[in-house]
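The values are calculated or read from the model by the stated rules, or taken from the named source; none is laboratory data. Remember, it's a predicted structure, so these values are computed and weren't measured experimentally. Methodologically, a virtual Cβ is constructed for each residue, glycine included, from the backbone with ideal geometry; neighbour enumeration extends over all protein chains shown.
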């Protein structure tokens with residue numbers, strides 16, 4: 001297996017101006033890192049490589065302006081680094097252009113020297129004006145675009161009134177970007193995998209309330225139910241997760257409190273104020289609509305079309321005595337009546353062909369069907385049922401029966417969803433729901 005390249009990257013500024021001589025320089029001090037002290041030096045880079053060992057890195061990169069290069073690097077810093085045994089010392093000259101365009105050019109120039117998969121140690125102590133800030137903001141980009149592993153982010157806390165200057169590793173703070181992405185994935189894509197991954201590699205004190213195995217397992221179960229269209233278990237998993245969130249909110253720190261509220265607001269609509277009865281009632285249909293809306297929002301279109309078809313089938317369960325979704329007998333009824341009901345709207349009445357048990361189910365559903373005709377609900381259901389079947393079958397067969405996937409999947413999904421909302425409202429209005 002090829003060794004991972006290790007790079008040490010640092011920035012070199014001018015230092016402090018001597019009012020008497022007019023020259024810029026850094027003041028010598030002793031630095032301390034990981035409990036080890038350096039020799040007295042003007043340059044934090046020399047102290048770090050002395051303590052860490054220059055042979056640890058395959059390449060040492062110093063980013064400087066032409067002025068800081070001429071003042072410090074060419075005849076001083078480079079020589080001291082070579083005395084430490086450092087090899088492959090590279091310098092990058094950047095402009096002094098402080099505009100947004102200039103800042104972007106700084107970053108792109110540095111980017112050329114960092115290969116995919118590199119293990120990167122960065123020192124942000126010195127540097128021309130805002131460039132350390134610019135680069136620290138770009139660290140996340142490097143992690144995502146080039147799979148960079150950030151080994152350390154150093155800052156030398158020099159103070160002229162202190163004999164010893166500590167070097168601080170700020171790497172763990174940069175995990176805040178990872179937490180933000182993890183929560184964004186959870187909220188935007190119903191994907192808890194990133195949250196679990198970040199929690200595994202961050203210290204327990206970071207976002208402590210989310211960084212607990214029980215909480216992460218709850219989110220994994222919830223998002224699994226959503227993505228797997230486990231319609232009848234989403235509410236249960238939501239309520240369980242919200243219970244964990246409520247327990248943690250009171251004592252949460254500022255960062256955790258923000259993230260917990262974001263998650264609570266996102267998933268709260270999937271919980272029900274009243275417990276699910278097991279019947280196909282108003283509470284059940286309201287919840288199904290919330291789940292479908294969430295699936296469409298997350299662009300989980302295959303799951304959304306499946307859920308919409310099943311909601312149509314669920315309407316057919318309303319008149320069936322003893323039909324419940326939470327027991328084996330009720331699920332057995334569904335396999336007959338829901339499927340027949342869906343097909344009753346895919347074809348005109350004159351085209352119906354139901355034999356055997358399907359024919360018996362159709363006869364039992366007819367009085368309810370007639371009620372739907374009288375109330376105008378039948379026409380609304382029929383207006384999209386054939387389209388819904390076509391799109392859902394397209395997903396089922398990976399579009400292999402079509403030249404390509406339909407181009408209006410999102411728009412059509414939203415259109416059918418709105419019609420389903422209208423139908424559920426009409427079922428309430430016409431008192432056809434419990």
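Could you please let me know if residue 374 is assigned by TED's automatic domain parsing to the domain that holds residue 318, out of contact with any helix residue (DSSP H, G or I) (no Cβ under 6 Å at 6 or more places or on another chain), loosely packed, with under 13 Cβ neighbours inside 10 Å and under 30 Å from residue 277 (Cα atoms)?
Criteria met by residue 374.
So which of 180, 157 ends up being out of contact with any helix residue (DSSP H, G or I) (no Cβ under 9 Å at 6 or more places or on another chain) and more than 22 Å from residue 71 (Cα to Cα)?
Answer to the selection: 157.
Can you name the helices (runs of 4 or more DSSP H) wholly within region 213-330 that have at least 3 residues being in the same structural domain as residue 364 (by TED's automatic domain parsing) and under 15 Å from residue 192 (Cβ atoms)? Explain how you work it out, then say what you get.
Values: elements: 213-227, 231-249, 254-267, 282-297, 301-315.
The helices (runs of 4 or more DSSP H) meeting that bar number zero.
Return the residues of region 72-102 that are part of a helix (DSSP H, G or I), without any contact (Cβ under 8 Å) to a residue 60 or more places away in the chain and over 35 Å from the mean Cα position of the chain (by Cα); say none if nothing qualifies.
Within region 72-102, 74, 75, 76, 78, 79, 80, 81, 82, 83 qualify.
Among the residues of region 15-54, write down those that are part of a strand (DSSP E or B) and in contact (Cβ under 8 Å) with a residue 60 or more places away in the chain.
29, 30, 31, 32, 33, 37
Quick one: which residue in 66, 45, 40, 103 is over 18 Å from residue 7 (Cα atoms) and buried (at least 18 other Cβ atoms within 10 Å of the Cβ)? Step through it out loud before you land on a result.
Working: 66 fails: buried (at least 18 other Cβ atoms within 10 Å of the Cβ); 45 fails: over 18 Å from residue 7 (Cα atoms); 40 fails: buried (at least 18 other Cβ atoms within 10 Å of the Cβ).
Going through 66, 45, 40, 103 in turn, the sole match is 103.
Any residue at all in region 55-71 that's assigned to a loop (DSSP other than H, G, I, E, B), farther than 20 Å from residue 150 by Cα and in the same structural domain as residue 111 (by TED's automatic domain parsing)?
no
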